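Here you go, one structure.
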Protein chains: 4
Amino acid sequence: MARSEFRFSWPFRVRYSEVDGQKIVFNAHYLTYFDTAITEYCRALPYDYMGQVERTGEDFHTVRSLVEYQQPILFDEDIEVHVRVARLGRSSVTFLLEIHPAGAEDLRATGEVVWVNTDQAAHKSAALPSELVAKITVLEGDRLGA
Amino acid sequence: MARSEFRFSWPFRVRYSEVDGQKIVFNAHYLTYFDTAITEYCRALPYDYMGQVERTGEDFHTVRSLVEYQQPILFDEDIEVHVRVARLGRSSVTFLLEIHPAGAEDLRATGEVVWVNTDQAAHKSAALPSELVAKITVLEGDRLGA
Amino acid sequence: MARSEFRFSWPFRVRYSEVDGQKIVFNAHYLTYFDTAITEYCRALPYDYMGQVERTGEDFHTVRSLVEYQQPILFDEDIEVHVRVARLGRSSVTFLLEIHPAGAEDLRATGEVVWVNTDQAAHKSAALPSELVAKITVLEGDRLGA
Amino acid sequence: MARSEFRFSWPFRVRYSEVDGQKIVFNAHYLTYFDTAITEYCRALPYDYMGQVERTGEDFHTVRSLVEYQQPILFDEDIEVHVRVARLGRSSVTFLLEIHPAGAEDLRATGEVVWVNTDQAAHKSAALPSELVAKITVLEGDRLGA
């Protein structure tokens, strides 16, 4: 997928605390980058994810995380995590992610994160908030699967 | 898959540093549990993974990590990460993982981690060390895919 | 201070996720070791720290953390974090900590962590729970400062 | 100390991975903020810390870290870590740090980090590089202790 398929990205500079004994980003920290970038994607929509729990009693649970590592990411490197929503289900959102060096096409990793909206009292999945669906649909347009 | 399909597991007690604002283990830390449990699986074989780089100039790269989250894991909970090798390719090892509460069948998460053996000088994939293949084959027996 | 001055220690094996590009434990993770070892110290007393908030509306805040690094700690090394209470104030507890290789006198780091008991509603410091004071006094005996 | 005493600061937005079950930044992560901010202070001097090891065979070891926590830091909060050098010894650099909310005087934490320059072959402390001393002296001027 070309970087141009993504309408949103968020920059990171790799911290020394994030590299391992091979001086490359430790595999688990990719999920921290993904989580942080998705938070910023929601802010950009703009969707008040943090206020949702209080408003509705519903919260998102991460049910799936996938990372496919292509090329290592180095200490102090400037990277961009690209985020898009590929699919909206009744209660689920599927995010696709890509990591590139800042401003470059070179691909470091791809990934997928799936959230399910959950009624915190009933402990059951709940339909996605219509405001969220509407805003994602506007942002993603034709790139959004059914 | 039943826990009995796994010949190896490694215990963890959840640290306060590993939980997030929902008081459950943050999604990225599952990959740290997986990584640590795989290190212990290699020690149990026993396979000297850390000595491999010096002996052969080859090292493993993680090329894929998958987590499917079933039920949250709580602060101070005692869990076991079960590890088995499901497939040996020419240069790749596919680990399957499951997280259970200590001594219980209840499933918290499943996952998959794929390693590729790499010649560090040539930057190309390399055949798995025969010692590693032999020891995994002995441990896993019929549960091992081709 | 000799290791014999400590009545409690907790073992850790260093995880690959905890080392940095110099293949030694990253400086911030010492505080995670300290925090985890103090949790286990409380369990050993035994003091139900986690139940305290619900019972009393009071919780501990960390107000000070100090680490003095003596010798690096390596990947896969087995270490012990020794914990003792050096001082009990009206509302504060001062923990002293030492990190040694498992079973050895060799010193890797020393540290100090100070907790203040806090009334969560009034946002003011509160006297230490008498049960906690009594149990620490029994465990530490003469080694405890006034 | 007033924020105006600091010539350098570095911004952070708190990640969800950095907060604990109390929804505040976990105590160990303050040292990661400090470490990252000191890296950026060196870049701003500008001093090529990462190239020093190859040029001279000398590297810095962190020998002391202190954090005094004043007020909790929350998820998603924008903070600034202010850095200054308070003292230059023969082989040591003493950094003082403060954490404030972005653009505000309100104090969240103060801290101290001490580095010692070390000859990696001889395993002994080494005099600070004169280039580093000169650049710190220019930046800090009269605020620098002897």
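The values are calculated or read from the model by the stated rules, or taken from the named source; none is laboratory data. Note that this is a predicted model, so its numbers are computed, not measured. With ideal geometry, Cβ positions are generated from the backbone for all residues, glycine too; neighbour counts draw on all protein chains shown.
Could you list, in sequence order, the residues of the range C:48-61 that are in contact with an Asp or Glu (Cβ under 8 Å, 6 or more places away or on another chain) and closer than 15 Å to B:TYR16 by Cα?
C:MET50
Does B:THR94 fit the bill of being within 15 Å of the chain's Cα centre (by Cα) and not aliphatic (A, V, I, L, M)?
yes
Now, a different point. Condition first: in contact with a Phe, Trp or Tyr (Cβ under 8 Å, 6 or more places away or on another chain) and farther than 15 Å from A:SER92 by Cβ. Now tell me which residues in the range A:119-146 satisfy that.
Those that are in contact with a Phe, Trp or Tyr (Cβ under 8 Å, 6 or more places away or on another chain) and farther than 15 Å from A:SER92 by Cβ: A:GLU131, A:LYS135, A:LEU139.
Right, next: C:ARG84 - would you say it is farther than 30 Å from A:HIS29 by Cβ, away from chain D (no Cβ under 14 Å), buried (at least 19 other Cβ atoms within 10 Å of the Cβ) and at pLDDT 95 or above?
Criteria met by C:ARG84.
In the range B:45-57, which residues are touching a Leu at 6+ places or on another chain (Cβ under 9 Å) and in contact (Cβ under 8 Å) with a residue 40 or more places away in the chain? Walk me through it before giving the result.
Just the residues of the range B:45-57 that are touching a Leu at 6+ places or on another chain (Cβ under 9 Å), to begin with: B:45, B:47, B:49, B:52.
Hits for the range B:45-57 are B:LEU45, B:TYR47, B:GLN52.
In addition: Identify, from the list C:GLU105, C:GLU131, the residue that is farther than 20 Å from D:ALA28 by Cβ and in a helix (DSSP H, G or I).
C:GLU131
Filtering the range C:105-119 down to residues that are among the charged types (D, E, K, R) and under 28 Å from C:PRO11 (Cβ atoms), which residue is modelled with the lowest pLDDT?
Let us first name the residues in the range C:105-119 that are among the charged types (D, E, K, R), namely C:105-106, C:108, C:112, C:119.
Keeping just the survivors that are under 28 Å from C:PRO11 (Cβ atoms) gives C:105-106, C:108, C:112.
Details: C:GLU105: 91, C:ASP106: 95, C:ARG108: 98, C:GLU112: 98.
So, considering only residues that are among the charged types (D, E, K, R) and under 28 Å from C:PRO11 (Cβ atoms), the one modelled with the lowest pLDDT is C:GLU105.
All but one of (1) closer than 27 Å to A:PHE34 by Cβ; (2) in contact (Cβ under 8 Å) with a residue 60 or more places away in the chain hold for B:PRO101; which doesn't?
Of everything listed in (1) closer than 27 Å to A:PHE34 by Cβ; (2) in contact (Cβ under 8 Å) with a residue 60 or more places away in the chain, B:PRO101 misses just condition (2).
Follow-up. Let me confirm something: among C:ARG90, C:ARG7, which residue is free of Cβ contacts under 8 Å to residues at least 40 places away in the same chain and more than 9 Å from every other protein chain (Cβ to nearest Cβ)? Before the answer, list the steps.
Working: C:ARG7 fails: free of Cβ contacts under 8 Å to residues at least 40 places away in the same chain.
The conditions single out C:ARG90.
Could you list, in sequence order, the residues of the range A:120-143 that are at pLDDT below 95 and either touching a strand residue (DSSP E or B) at 6+ places or on another chain (Cβ under 6 Å) or on the phi > 0 side of the Ramachandran plot (or both)?
Scanning the range A:120-143 gives A:GLN120, A:HIS123, A:GLY141.
Something else: One residue is enough: does the range B:20-32 have a residue meeting the conditions crowded, with 19+ Cβ neighbours inside 10 Å, touching a His at 6+ places or on another chain (Cβ under 8 Å) and more than 10 Å from every other protein chain (Cβ to nearest Cβ)?
As a first pass, look at the range B:20-32 and keep what is crowded, with 19+ Cβ neighbours inside 10 Å: B:20, B:24-32.
Now narrow it down to the ones that are touching a His at 6+ places or on another chain (Cβ under 8 Å): B:28.
Of the ones still in play, those that are also more than 10 Å from every other protein chain (Cβ to nearest Cβ) are none.
Checked against the condition, which is being crowded, with 19+ Cβ neighbours inside 10 Å, touching a His at 6+ places or on another chain (Cβ under 8 Å) and more than 10 Å from every other protein chain (Cβ to nearest Cβ), the range B:20-32 yields no hits at all.
Kindly indicate the residue of the range A:27-37 that is touching a strand residue (DSSP E or B) at 6+ places or on another chain (Cβ under 6 Å) and of a type outside the set (Ser, Thr, Tyr) and also farthest from A:VAL113 (Cα to Cα) among those meeting that condition.
Filtering first and then ranking leaves A:ASN27.
Right, here's the next one. For the range A:51-59, check the following and say yes or no: at least one residue is in contact with a helix residue (DSSP H, G or I) (Cβ under 8 Å, 6 or more places away or on another chain) and either of a type in the set (Ser, Thr, Tyr) or under 26 Å from B:GLU112 (Cβ atoms) (or both).
No, the range A:51-59 contains no residue that is in contact with a helix residue (DSSP H, G or I) (Cβ under 8 Å, 6 or more places away or on another chain) and either of a type in the set (Ser, Thr, Tyr) or under 26 Å from B:GLU112 (Cβ atoms) (or both).
When you go through C:SER65, C:SER92 one by one, which is the residue that is farther than 20 Å from B:ASP78 by Cβ, in contact with a helix residue (DSSP H, G or I) (Cβ under 9 Å, 6 or more places away or on another chain) and among the hydroxyl-bearing types (Ser, Thr, Tyr)?
Working: C:SER92 fails: in contact with a helix residue (DSSP H, G or I) (Cβ under 9 Å, 6 or more places away or on another chain).
It is C:SER65.
Just one of C:GLU112, C:GLU105 is in contact with a helix residue (DSSP H, G or I) (Cβ under 7 Å, 6 or more places away or on another chain) and either surrounded by fewer than 20 Cβ atoms within 10 Å (Cβ to Cβ) or hydroxyl-bearing (Ser, Thr, Tyr) (or both); which is it?
The conditions single out C:GLU105.
Consider C:ASP119 carefully, then state whether it is closer than 30 Å to A:GLY21 by Cα and either surrounded by fewer than 18 Cβ atoms within 10 Å (Cβ to Cβ) or more than 14 Å from every other protein chain (Cβ to nearest Cβ) (or both). Lay out the reasoning, then the answer.
Numbers: closer than 30 Å to A:GLY21 by Cα: no; either surrounded by fewer than 18 Cβ atoms within 10 Å (Cβ to Cβ) or more than 14 Å from every other protein chain (Cβ to nearest Cβ) (or both): yes.
So C:ASP119 does not fit the description; no.
Suppose we keep only residues that are buried (at least 18 other Cβ atoms within 10 Å of the Cβ) and small (Gly, Ala, Ser) within the range A:33-76. Which one would you say is nearest to the other protein chains (Cβ to nearest Cβ)?
Result: A:SER65.
Search the range B:111-128 for residues being more than 11 Å from the chain's Cα centre (by Cα) and part of a strand (DSSP E or B), and hand back the single one that is farthest from B:CYS42 (Cα to Cα).
So the residue we want is B:LYS124.
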